[in-house]
Amino acid sequence: METLLYDVRYGLRTLRKSPGFLALAIITLALGIGANTAIFSVANAVLLRTLPYKDPGSLVLIWSVEHADGENPRGQQSFTDIDDYRRQTDVFESVVSFGDYSAVFSDSGSPERIPGMQVGDGYFSLMRVQPLLGRDFLPEEQIEGKDQVVVLGYGLWQRRFAADPEIVGKHITLSARSYTVVGVAPKDLPALPPSLVSNGAQFYRPEADKRDDNERLSRHLRAIARLKPGVSLQRAQAELDVVNRHLAQQFPKEYATTGVRIVTLQDDIAGNLRPALLVLLGAVGFLLLIACANVANLLLARSTRQQREIALRSALGASRARLVRQALTESLLLSVGGGILGILLANWGTRLIAAVGAKVIPQLLGVAIDFRVLIFTAGISLLTGFLFGLMPALRLSALDVSGTLKEGGKGSCGMTHSAAGRFLVTAEIALALTLLTGAGLLLRTLSKLHSVDPGFSSKNVLSMSIGLPSLTYPFGSPKPVTFYRDLLDRVSSLPGVQSAAAVSILPLGGDFDTVGTEVEGREYAPGEVPYPERYVVTPSYFKTLQIGMVRGRAFSEADTTDSPLVVLVSETAARRWWPNADPMGKRLRLPGYEPGMEKAWRTVVGIVNDVKQAGLDAPRTMQIYIPHAQNRNDYMALVVRTSQDPLGYVTEVRRQISVLDKNLAVSDVTTLDQVVSDSVAARRFSAALLGAFALLGLILAAVGVYGILSYSVTQRTPEIGIRMALGAARKDVLFLMVAFGLRHALWGVLGGIAAAFALTRLMSSLLFGVSPADPTTFVGAALLLGAVACIAGYIPALRAAKVDPMVALRYE
């Protein structure tokens with residue numbers, strides 16, 4: 001221990017003598033360690049950190065798997081499905097349905113639409129919490145007509161009801177309907193993540209759905225369950241498969257192409273994020289290797305000045321192991337300093353990542369540098385110190401003692417560093433090129449996505465959602481149609497508004513509405529009924545979003561419940577359903593919620609362009625459009641095309657809504673440009689992070705090239721002087737040194753291309769419209785890195801060209 005303390009004190013004294021070297025080495029390491037720590041913090045928060053629920057390891061989700069829908073692994077369930085899984089299996093403590101729900105709160109303040117959850121019987125027990133006030137829902141409250149009870153979330157109770165301790169038993173108004181507050185959820189009940197419940201739940205109401213065989217295809221719910229102690233995921237999956245096979249035998253139409261899948265809550269949340277995070281972890285790993293190579297080069301260059309000292313210590317009896325330990329102690333001191341500064345950089349970096357990326361990855365709101373991250377940083381710092389310190393330590397301990405101690409002798413370390421330094425710079429360039437290529441592929445993907453035609457024009461379009469209370473606007477009555485018609489007339493007449501419309505599902509908005517559709521004249525086997533996307537729209541919708549008409553006509557005000565039922569289809573639907581026939585005049589039948597429409601045929605009166613719904617990178621889908629007057633939805637998205645900034649019209653549009661009904665509240669106020677931008681936000685976030693790391697790698701590689709050429713100029717000063725004394729021109733010396741640097745850059749580029757060609761295939765799931773071996777990206781990255789290496793090498797080469805032959809010869 002005493003010897004170790006001596007090595008540490010000696011190392012600190014030695015490092016203090018070279019403040020420039022010390023600062024450069026620590027900053028270089030801090031960049032590499034800080035980037036790794038920041039990304040590991042993100043991975044820790046998303047992939048590793050325990051979820052904030054009680055006993056989260058036993059919480060699972062049960063999804064249906066729609067084989068006929070491209071193997072959709074996260075299909076929803078019907079209430080009847082969930083009831084079957086609860087009754088016919090013996091592996092769950094409980095199985096509970098849940099789904100999105102929102103309502104307008106009009107008590108205790110201005111009307112406000114607040115997100116909540118519909119939950120089945122036993123949700124709070126499953127989450128292992130007891131209400132802070134009041135009680136849980138009763139089984140009989142899961143029946144329609146008896147479900148007008150609510151449990152308030154803790155935050156909503158505090159914010160909207162001033163933490164009223166007497167709130168239980170009081171009546172509040174939700175979407176114009178009276179509900180009784182039966183409880184308040186505890187503070188330690190976190191909402192389910194946004195990947196399961198939009199915007200997080202601030203209140204809860206019973207899930208009152210029919211649970212008979214006629215409702216098996218009404219799959220609009222999700223299921224969460226808790227495994228019994230000792231039950232494995234595999235055993236639970238096996239039991240669910242048995243239940244599903246029995247259901248397929250009993251109900252082939254409903255289950256012929258429908259499977260079931262169970263997944264832990266942790267894996268479901270992290271599943272879509274894992275590929276991108278693994279790519280980013282690999283990228284920062286490369287960045288750390290580049291930093292290590294740079295510092296190793298610095299240590300090798302520094303060892304040239306230490307060689308006489310080391311030779312003296314060796315001659316006085318110091319063993320090789322003793323010299324290696326001293327050199328490693330110095331490198332570990334550097335890594336500790338880099339680790340401490342790296343934590344500070346990582347703390348700033350994680351805050352920045354969370355601020356920028358929380359909208360894309362909501363789990364980033366909880367990202368922090370915790371104990372696990374500190375252990376990771378300590379481990380990576382020590383490993384880094386060992387990695388970059390080992391080669392210089394071994395080289396330095398292998399000095400030719402007698403040659404070094406001779407007058408003017410330089411030992412063997414200079415030549416050793418020259419070879420090792422060139423190897424390290426070549427490796428740096430190869431790693432930097434791999435990073436640049438990965439970033440380039442993601443940037444090319446973004447470019448391809450932005451060039452995709454979504455099928456509509458998003459410029460200068462304002463959007464907001466409006467929900468009409470069913471009590472005052474009964475579904476099936478003319479009131480919803482009258483309200484939206486009056487509202488659109490008012491909004492359309494505003495100065496600067498070009499047109500206004502309403503639609504049930506906003507394009508690229510993240511929601512879907514698919515419906516089983518029967519095409520006249522075609523027979524379908526069980527499970528083969530097509531499920532196109534359904535949009536309920538007002539007549540001016542296609543004009544407002546500038547969706548092109550291919551054939552036929554758009555809807556008009558004459559398309560009402562008293563006129564023949566009509567439908568518009570997309571180009572893809574027309575091609576698939578009538579590949580060799582004219583779609584105009586053909587008929588479709590789809591479920592309707594209004595009396596007399598369940599078996600009514602709709603006539604195709606027009607064909608419209610395809611619209612992107614699932615994402616700009618998603619394949620084209622079948623889509624159908626129904627006039628709002630013939631399917632009187634109460635919840636619609638208002639879209640307003642303006643001649644100026646659409647956000648400037650929010651206040652006036654809100655006022656027009658309030659004039660018609662002062663108890664209504666709008667939500668999701670945004671522009672359609674923002675909706676389109678948000679649809680590619682995850683890819684943009686990944687590209688930005690990888691691009692930042694690639695830029696750091698490029699800078700470090702340039703520093704490495706500059707360092708090796710600067711060292712080479714210093715070592716070859718006598719040679720350069722002799723060459724110039726014998727008649728070599730400055731341009732010849734300049735060319736000689738630049739060529740020396742470019743030769744090693746070329747080897748690095750070739751190695752980097754080979755590595756990138758192998759590794760970029762791992763990120764193919766993140767790409768769109770670009771091959772992992774895209775030649776444009778590879779050539780562009782190679783040219784950029786070559787140009788940067790050339791610039792970095794030009795400065796020391798220029799210094800070499802200015803060497804005075806007489807000074808150089810006197811130096812020798």
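The values are calculated or read from the model by the stated rules, or taken from the named source; none is laboratory data. Keep in mind that what you see is a predicted model, and the values were worked out from it rather than measured. So basically every Cβ, Gly included, is an ideal-geometry build from the backbone, and we count neighbours across all protein chains shown. Surface accessibility is based on the protein's heavy atoms, side chains included, excluding ligands, DNA and RNA. Shrake-Rupley method; radii C 1.70, N 1.55, O 1.52, S 1.80 Å.
Numerical summary
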item	result
Residue that is surrounded by the fewest Cβ atoms within 10 Å (Cβ to Cβ) [pool: residues in region 339-355 that are over 12 Å from N36 (Cα atoms) and small (G, A, S)]	A355
Condition broken by Y123, with the remaining ones in (1) under 30 Å from the mean Cα position of the chain (by Cα); (2) more than 30 Å from R655 (Cβ to Cβ); (3) modelled with pLDDT under 90; (4) open to solvent by less than 10 Å² (accessible area, probe 1.4 Å) satisfied	(3)
Candidates S667, S658, S679, filtered to the one that is among the hydroxyl-bearing types (S, T, Y), out of contact with any Phe, Trp or Tyr (no Cβ under 7 Å at 6 or more places or on another chain) and free of Cβ contacts under 8 Å to residues at least 40 places away in the same chain	S658
Some residue of region 515-534 being touching a strand residue (DSSP E or B) at 6+ places or on another chain (Cβ under 9 Å), closer than 24 Å to R641 by Cβ and modelled with pLDDT of 90 or more	yes
Check on S447, of a type in the set (G, A, S) and either in a loop (DSSP other than H, G, I, E, B) or touching a residue at least 12 places away in the same chain (Cβ under 8 Å) (or both)	no
Condition met for S465 (of a type in the set (G, A, S), within 19 Å of E112 (Cβ to Cβ) and either under 30 Å from the mean Cα position of the chain (by Cα) or part of a loop (DSSP other than H, G, I, E, B) (or both))	yes
Contacts under 8 angstrom Cβ, first residue in region 472-492 being under 12 Å from A629 (Cβ atoms) and among the hydroxyl-bearing types (S, T, Y), partner assigned to a loop (DSSP other than H, G, I, E, B) and open to solvent by less than 20 Å² (accessible area, probe 1.4 Å), 6 or more apart	Y484/T538
Every pair of residues 6+ apart whose Cβ atoms lie under 6 Å, when the first sits in region 242-260 and is free of Cβ contacts under 8 Å to residues at least 12 places away in the same chain while the second is surrounded by 18 or more Cβ atoms within 10 Å (Cβ to Cβ)	A248/Y255
Unmet requirement for L156, which otherwise passes all of (1) at pLDDT below 85; (2) under 32 Å from the mean Cα position of the chain (by Cα)	(1)
Test: D617 is modelled with pLDDT under 90, closer than 30 Å to F768 by Cβ, in contact with a helix residue (DSSP H, G or I) (Cβ under 7 Å, 6 or more places away or on another chain) and open to solvent by 10 Å² or more (accessible area, probe 1.4 Å)	yes
Filter pass, Y531 being open to solvent by 60 Å² or more (accessible area, probe 1.4 Å) and of a type in the set (F, W, Y)	yes
Count - residues of region 52-61 that are of a type outside the set (F, W, Y), out of contact with any helix residue (DSSP H, G or I) (no Cβ under 6 Å at 6 or more places or on another chain) and buried (at least 17 other Cβ atoms within 10 Å of the Cβ)	2
Those strands (runs of 3 or more DSSP E) lying entirely in region 519-592 with at least 1 residues without any contact (Cβ under 8 Å) to a residue 60 or more places away in the chain	549-552, 566-570
Qualifying positions in region 205-234 - part of a loop (DSSP other than H, G, I, E, B) and within 30 Å of G145 (Cβ to Cβ)	E207, A208, D209, K210, R211, D212, R216, L217, S218, R219, H220
Selection count where residues are more than 26 Å from Q249 (Cα to Cα) and part of a strand (DSSP E or B), scope region 499-518	5
Residue within region 768-780 that is among the polar types (S, T, N, Q), farther than 24 Å from S451 by Cβ and touching a residue at least 12 places away in the same chain (Cβ under 8 Å) present	no
Of all residues in region 363-378 being open to solvent by less than 40 Å² (accessible area, probe 1.4 Å) and either in a helix (DSSP H, G or I) or hydroxyl-bearing (S, T, Y) (or both), the one that is nearest to A293 (Cα to Cα)	T377
Unmet requirement for A739, which otherwise passes all of (1) without any contact (Cβ under 8 Å) to a residue 40 or more places away in the chain; (2) open to solvent by 40 Å² or more (accessible area, probe 1.4 Å)	(2)
Matching option when the condition is at pLDDT below 90, small (G, A, S) and open to solvent by less than 60 Å² (accessible area, probe 1.4 Å), among A162, A201	A201
